[in-house]
Amino acid sequence: MEETITASGLSRDQVIEELMSNYGQAILQLVYTYVHDTALAEDLTQEIFIKCYKTLSTYQGHASLKTWLWRIAINHSKDYIKSWYKKNVDVIETNVLEETLETSDLLEQVVKNSEDEALFDLVMALPVKYRELIYFYYFEDYSIQEISSLLSLNNNTVKTRLRKARSLLQKALGGNPFDGNTF
C-alpha cells in the first residue's frame with residue numbers, strides 16, 4: 001500500500017504523474033538552457049523525474065511542489081555540467097537548434113525571425129549564472145524575489161546579475177549598454 005503524500009490524498013505515483021503532466025515540457029526547456037542538446041535534455045529530464053519519484057518522501061512542504069521540482073532540475077543540470085562526462089566527452093549533435101525548434105513551443109516563439117534567432121543564440125552563449133536569470137525572468141516571468149528564492153541568492157545579487165546579463169546582451173547586439181536603451 002502506497003503512503004499518501006499530500007493532504008488531497010494523492011499517491012506518490014499520482015503526484016509524479018501530475019508533475020510530469022503539468023511541468024514536463026517546462027523542465028525540458030529549462031534543462032535545454034543548461035546543456036544545449038535536445039537528446040541530452042530529454043535524458044536529464046527523465047532522470048530528474050526519477051529523482052523526484054525516489055525523493056518525494058523527503059518533500060517537507062516548505063515550498064510548493066513546483067518550486068521543489070525546479071530546484072531539483074536546476075541542481076541536476078548544474079551537476080551534469082560539472083561532471084566528468086561533460087568535461088571529457090564531447091557529444092556533437094547537428095542542427096540542435098533546428099530540432100529543438102520543432103519540439104518546443106517556447107523556442108518557436110523566441111525564434112520567429114532572424115533577429116529573435118540571433119538573440120536566442122546570444123542568450124544561450126551567456127555563462128550559466130546569467131543565462132538562468134534571463135530564462136527565469138523573461139521566459140518564465142518569475143519575479144526577482146521568486147528567482148532569488150529558487151536559486152538561493154540574495155535579491156540584490158539577482159538584480160546585479162540580471163543587469164549584467166542585459167548589459168552583455170546589449171553589447172553583443174552592438175548597442176551601448178549605457179545609452180538607456182537596455183534589453
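The values are calculated or read from the model by the stated rules, or taken from the named source; none is laboratory data. This structure is a prediction, so every number in the text was calculated from the model and none was measured. Counting neighbours? That spans all protein chains shown, and the Cβs are built from the backbone with ideal geometry, glycine included. Only protein heavy atoms, including side chains, enter the accessible area calculation; ligands, DNA and RNA are left aside. Shrake-Rupley method; radii C 1.70, N 1.55, O 1.52, S 1.80 Å.
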### Task
Tell me the Kirkwood hydrodynamic radius of the stretch 16-73 in angstroms, computed as one over the mean inverse distance between distinct C-alpha pairs.
11.5
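Pairs 78/171; 51/164; 66/171: which are spaced more than 31 Å apart, C-alpha to C-alpha? Present the calculation step by step, with values, prior to reporting the outcome.
Numbers: 78/171 26 Å; 51/164 33 Å; 66/171 34 Å.
Violating the 31 Å limit, Cα to Cα: 51/164; 66/171.
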### Message
As a test question: what accessible area, to the nearest 10 Å², does residue 20 have when a 1.4 Å probe is rolled over all protein chains in place?
### Response
100
### Query
So, by mean Cβ neighbours within 10 angstrom, what's the order for 31-42, 60-71 with the highest one leading?
31-42, 60-71
